[in-house]
Every structure is written in structure tokens, then in C-alpha cells.
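Remarks on the structure that follows.
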Amino acid sequence: MTVIPHRGGLIIIASFVLALVLTSLPLPEWIRPFRPAWCSLVLIYWCIAAPQRVGVGVGWFVGLLVDVMTNTLLGQHAMELAITAFIAVKLHQRIRLFPLWQQAFGVLLLLLLEEVLSTIVMGAIHRPASALSYWASPFIGMLLWPWIYIILRDLRRRFKVS
Amino acid sequence: MAAAVLVSLLMMVVDHRENHLQSLRSALSVIVAPLQQIASLPASSGEWLSETLSSRQTLQEENRALRKLNLKLKGRQQKLAALEAENMRLRELLDSSLKIGDQILIAELIAIDLDPYKQQVVINRGDNSGVFEGQAVLDANAVLGQVIRVDPFSSTVLMITDPSHALPVEVNRNGLRTIAMGTGRINELELPHLPNNSDIQVGDLLVTSGLGGHFPPGYPVAEITQVVNKPGQPFAHVLAKPSANLERAHEVLLVRTLTADPPAPSTEERTP
């Protein structure tokens with residue numbers, strides 16, 4: 001058995017950097033609730049495609065960066081993304097075989113779980129509940145999933161990320 | 001996984017209860033700062049483009065308008081200087097504490113969106129420019145908020161409309177003192193502590209009262225938009241609209257009041 005060296009770490013890092021930038025890209029007020037959770041989407045992809053490289057640890061660290069970037073409670077997004085990564089890695093073999101639209105439903109469930117967790121945390125620190133429109137964000141994420149999946153898959157094949 | 005969740009929970013508790021994680025946040029903000037710069041690029045480059053590509057005529061017109069405005073403001077400034085001197089003399093007569101004046105630092109907003117549930121903005125001045133926690137932030141019209149966190153090269157401003165923000169104000173017309181609370185909506189403040197019979201009307205201007213020691217007194221804050229007296233309720237339902245352009249502000253002023261006594265260290269935050 002030969003050990004396959006890891007390749008394409010830069011691509012993974014670059015995709016997370018882009019996701020972080022998109023997370024804080026300024027948008028007009030009315031469109032802000034519809035911003036998808038870019039970091040979660042990218043994280044889910046890498047957890048499915050390269051579970052040996054990206055997992056709970058990476059998810060937790062990226063979440064921490066999101067917390068610092070968006071100035072939320074330190075650990076809030078870290079917890080959400082760690083849990084997402086855990087579930088995605090656990091189920092990666094199954095999710096990989098799903099057709100794209102079915103994958104998108106799985107992603108929707110994960111994104112909704114994140115939203116629920118963040119609502120619980122907000123409630124625990126006595127922040128007012130978010131507006132109903134913010135629950136649209138997981139659905140936007142679901143609609144975007146096929147494109148994100150295809151783009152990242154092509155990138156992964158092109159640069160042979162393993 | 002369990003470890004990650006436990007550590008996150010612990011961090012959240014520590015971060016919420018006390019401020020021990022400030023150093024970790026600052027360290028991570030070093031990684032995040034370049035990303036924030038990149039995120040603000042589209043907005044800032046768009047502005048640069050529109051400035052560079054605007055025609056000569058537009059620039060000349062703008063220049064003329066600004067010159068006119070400058071003249072007008074200078075005229076008002078002359079009067080202000082005289083009034084300030086008079087105020088000083090009167091205060092000296094009264095033997096009251098002297099207000100020497102306000103020191104103003106101009107900062108620019110970094111165009112990035114933060115957590116949508118909080119009304120916060122990031123500005124491009126930090127520790128290196130002498131910004132301090134609790135410093136009042138204004139825009140060209142009125143009070144915008146206060147600094148809540150200072151990083152080496154940037155700082156975070158909590159806007160007056162954030163639900164955790166409360167601002168001591170008074171009605172400019174009659175000096176009625178009260179507290180203006182944020183509602184979480186960008187164009188609305190709430191005045192929850194006014195009894196039904198208090199003298200307040202739609203259109204009244206609210207100015208900072210200076211109580212609490214954070215905000216310098218006398219800066220405009222908001223205009224009353226709605227007063228509803230319900231006979232069954234002990235307090236009137238009063239709403240106000242901030243005079244500052246909270247959504248569109250681009251440059252802000254950081255104010256430091258120069259007084260003999262140091263500012264009070266406590267922050268005016270509503271306890272949950």
C-alpha cells in the first residue's frame with residue numbers, strides 16, 4: 001500500500017478565502033437576508049469530496065474566522081460549522097451517490113440545522129429573534145448547491161485535489 | 001466533534017460573560033483583516049471609478065456648490081466662536097466645570113457587512129489613531145453610535161439603533177430627559193420611559209444630554225415621529241427617527257470631549 005501525498009491544499013484554502021470574502025461582501029439592506037451561508041456550502045462540499053482532508057477541525061477553525069469577521073459571539077459559527085462538518089463527513093459516502101437535487105435537500109437540512117442552532121444561541125444571550133426573512137437563506141443555499149458542487153468538482157478534478 | 005462543540009460552548013460563555021477572549025479575537029482579526037479589505041474593494045473601487053470618470057463639468061459644479069457651503073459654514077463658525085467664548089466666560093462666572101472643547105478625528109467606514117442581527121459597522125481607525133472604547137461616533141448630521149471594540153488598525157462601532165444600545169437624550173425644546181433605545185430596525189429608536197402626560201410632540205428634536213459621560217452633550221440624535229398615548233398604559237409609546245444617515249454614512253467623526261475629569265469607564269448597555 002502506497003501513501004498518496006495530499007495535493008491541492010491551496011485550492012481548498014482559496015475556496016474558503018473566497019467564501020469568507022463573500023460572507024462579508026457589502027450588499028444593499030433589502031438583499032442581505034438572502035445571503036447564502038457561503039462558508040457552510042464550501043465546507044459541506046469539501047467534507048463530502050475530501051473527508052480525509054477537511055473535517056470537524058477545519059470546520060471549527062473556519063467558523064471561528066467567520067465569528068471574528070462578522071463580529072458574532074466567539075464560538076457560535078465555530079460550533080455550527082463543526083457540527084455540520086461532522087454530519088457531512090459521517091454521511092459522505094451516502095451523499096456522494098445521491099443525484100444533485102437530492103443532495104441539495106440534504107444541504108438544505110444541514111443549513112436549516114445551522115440556522116436553528118444560531119437561533120438557540122441568540123435566544124440564550126437574549127438577542128431578539130431574527131426576522132422571518134432570514135430563514136430564506138438556507139433555501140437560497142439549497143438552490144445554489146448544484147452550481148457550487150459542479151464548480152468545485154471541476155476545480156478538484158482539474159487540480160487533482162486529493 | 002464533541003470536543004469542538006464543548007470548546008465552542010465554553011468560548012461562547014466566556015466571551016459573553018467576561019471579556020477574556022479579546023486577545024484571541026485580536027489575533028484572529030490579523031488573519032481576517034486582509035479578507036475584509038478584499039471584501040470592501042468592490043465598493044471602494046466603484047467609488048474611485050465614478051470619481052475618476054465623472055466629467056469636468058460635474059466636478060466644477062460640485063466644487064462650486066462645496067465652496068458655497070463652505071462659505072456658509074464659515075459664517076456660522078464665526079458666530080460659534082463668539083458664542084463659545086461667551087459660554088466659557090459665563091461658566092467661569094458660575095464656577096462650573098469647564099468644557100474645553102471637542103477633539104474630532106475623521107474615519108472612514110470599511111464597506112463590509114457584519115452579522116445581520118447586530119447593527120454594527122467597522123471603521124478604518126484603531127488603536128494607532130488613539131481611538132478608545134466608548135468613544136462617541138457622529139456622521140455629518142447626528143450621533144451614529146459608539147466604539148465598542150478597538151483593534152490595532154480598525155474598530156467596531158455599535159450603532160444607536162442596535163437593540164442593546166441605550167442613549168441618554170433630552171428634548172431640545174424643553175430639556176425633558178429620557179433614554180433612547182435601539183429597536184434593531186435601522187431607522188427607528190424607541191423612548192420607552194416617558195409617562196403618558198409628558199410634554200413631547202411629533203417633530204421634537206432629541207439631542208444628547210451628556211449624562212453618563214460617554215457622549216458629549218448637545219449633539220442631535222433623532223426626531224420624534226410618533227407619539228401614542230394609550231389611557232390604559234402607564235407609559236406613552238414614542239418612536240423617533242435617527243437624524244444620522246445610518247444606512248448611507250461613509251465618513252464618520254470620532255469625538256473626544258476634552259474635560260478636566262476623565263470619562264466614566266462604564267458602558268451604557270441595557271442589561272438583558
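Residues to consider are A:Thr84, A:Thr72; find the one that is hydroxyl-bearing (Ser, Thr, Tyr) and within 8 Å of chain B (Cβ to nearest Cβ).
After ruling out the rest, the residue left standing is A:Thr72.
Could you figure out which of (1) assigned to a strand (DSSP E or B); (2) without any contact (Cβ under 8 Å) to a residue 12 or more places away in the chain isn't true of B:Pro217?
Condition not satisfied by B:Pro217: (1).
Does A:Gly57 satisfy the criteria of being open to solvent by 30 Å² or more (accessible area, probe 1.4 Å), at pLDDT 85 or above, under 27 Å from B:Leu21 (Cβ atoms) and within 9 Å of chain B (Cβ to nearest Cβ)?
Yes: the conditions hold for A:Gly57.
Among A:Leu74, A:Leu43, which is open to solvent by less than 10 Å² (accessible area, probe 1.4 Å) and free of Cβ contacts under 8 Å to residues at least 24 places away in the same chain?
Matching residue, one of A:Leu74, A:Leu43: A:Leu74.
Condition first: assigned to a helix (DSSP H, G or I), touching a Leu at 6+ places or on another chain (Cβ under 8 Å) and either open to solvent by 70 Å² or more (accessible area, probe 1.4 Å) or within 9 Å of chain A (Cβ to nearest Cβ) (or both). Can you find one or more residues in region B:4-12 that meet it?
yes
Being closer than 20 Å to A:Pro26 by Cα, outside any loop (DSSP other than H, G, I, E, B) and open to solvent by less than 20 Å² (accessible area, probe 1.4 Å) is the filter here; which residues of region B:117-162 pass it?
B:Val122, B:Ile123, B:Leu144, B:Gly145, B:Ser155, B:Thr156, B:Val157, B:Leu158, B:Met159
Can you tell me how many residues within region A:125-162 are open to solvent by less than 70 Å² (accessible area, probe 1.4 Å), within 21 Å of B:Tyr117 (Cα to Cα) and assigned to a helix (DSSP H, G or I)?
Number satisfying all stated conditions: 7.
Have a look at B:Asn187, B:Asn197, B:Asn172 and point out the one that is open to solvent by 40 Å² or more (accessible area, probe 1.4 Å), under 21 Å from B:Glu247 (Cα atoms) and not basic (Lys, Arg).
B:Asn187
From the residues in region A:26-40 that are farther than 13 Å from A:Ala82 by Cα and either in contact (Cβ under 8 Å) with a residue 12 or more places away in the chain or small (Gly, Ala, Ser) (or both), which one is surrounded by the most Cβ atoms within 10 Å (Cβ to Cβ)?
By that ranking, first place goes to A:Ala37.
In region A:112-124, which residues are open to solvent by 30 Å² or more (accessible area, probe 1.4 Å) and not hydroxyl-bearing (Ser, Thr, Tyr)?
Hits for region A:112-124 are A:Leu112, A:Leu113, A:Val116, A:Leu117, A:Ile120, A:Gly123, A:Ala124.
Starting from region A:141-156, take each residue that is without any contact (Cβ under 8 Å) to a residue 40 or more places away in the chain and list its partners that are open to solvent by 70 Å² or more (accessible area, probe 1.4 Å) and part of a helix (DSSP H, G or I), counting only C-beta distances under 9 angstrom and pairs at least six apart or across chains.
Between residues of region A:141-156 that are without any contact (Cβ under 8 Å) to a residue 40 or more places away in the chain and residues that are open to solvent by 70 Å² or more (accessible area, probe 1.4 Å) and part of a helix (DSSP H, G or I), the close pairs are A:Met142/A:Phe105.
Residues being more than 18 Å from A:Ser24 (Cβ to Cβ) and within 11 Å of the chain's Cα centre (by Cα): count how many of those fall in region A:61-82.
Result for region A:61-82: 1.
Give region A:8-25 a look and list any residue that's within 7 Å of chain B (Cβ to nearest Cβ) and open to solvent by 20 Å² or more (accessible area, probe 1.4 Å), or say none.
A:Val17, A:Leu25, listed by residue number.
Name the residue, out of B:Ala180, B:Ala107, that is more than 26 Å from B:Ile38 (Cβ to Cβ), in contact with a strand residue (DSSP E or B) (Cβ under 8 Å, 6 or more places away or on another chain) and in contact (Cβ under 8 Å) with a residue 60 or more places away in the chain.
The match here is B:Ala180.
For region B:28-41, which residues satisfy the criterion of being more than 7 Å from chain A (Cβ to nearest Cβ) and either over 27 Å from the mean Cα position of the chain (by Cα) or open to solvent by 60 Å² or more (accessible area, probe 1.4 Å) (or both)?
Matches in region B:28-41: B:Val30, B:Pro34, B:Gln37, B:Leu41.
Condition first: at pLDDT 90 or above and aliphatic (A, V, I, L, M). Now tell me which residues in region A:67-82 satisfy that.
The answer is A:Ala78, A:Met79, A:Leu81, A:Ala82.
Test B:Ser45 against the criterion of being facing chain A (nearest Cβ under 10 Å) and assigned to a helix (DSSP H, G or I), and give yes or no.
The answer is no for B:Ser45.
In region A:90-111, which residues are over 13 Å from A:Leu41 (Cα atoms) and open to solvent by 40 Å² or more (accessible area, probe 1.4 Å)?
The answer is A:Lys90, A:Leu91, A:Gln93, A:Arg94, A:Arg96, A:Leu97, A:Phe98, A:Pro99, A:Leu100, A:Trp101, A:Gln102.
Report whether or not B:His20 is open to solvent by 50 Å² or more (accessible area, probe 1.4 Å), within 14 Å of chain A (Cβ to nearest Cβ) and part of a helix (DSSP H, G or I).
no
The values are calculated or read from the model by the stated rules, or taken from the named source; none is laboratory data. Note that the coordinates shown come from a computational prediction; the quantities given were computed from them, not determined experimentally. Cβ coordinates were reconstructed from backbone atoms using ideal geometry, including for glycine residues, and neighbour counts include every protein chain displayed. Just the protein is used for accessible areas: all its heavy atoms, side chains included, with ligands, DNA and RNA removed. Shrake-Rupley method; radii C 1.70, N 1.55, O 1.52, S 1.80 Å.
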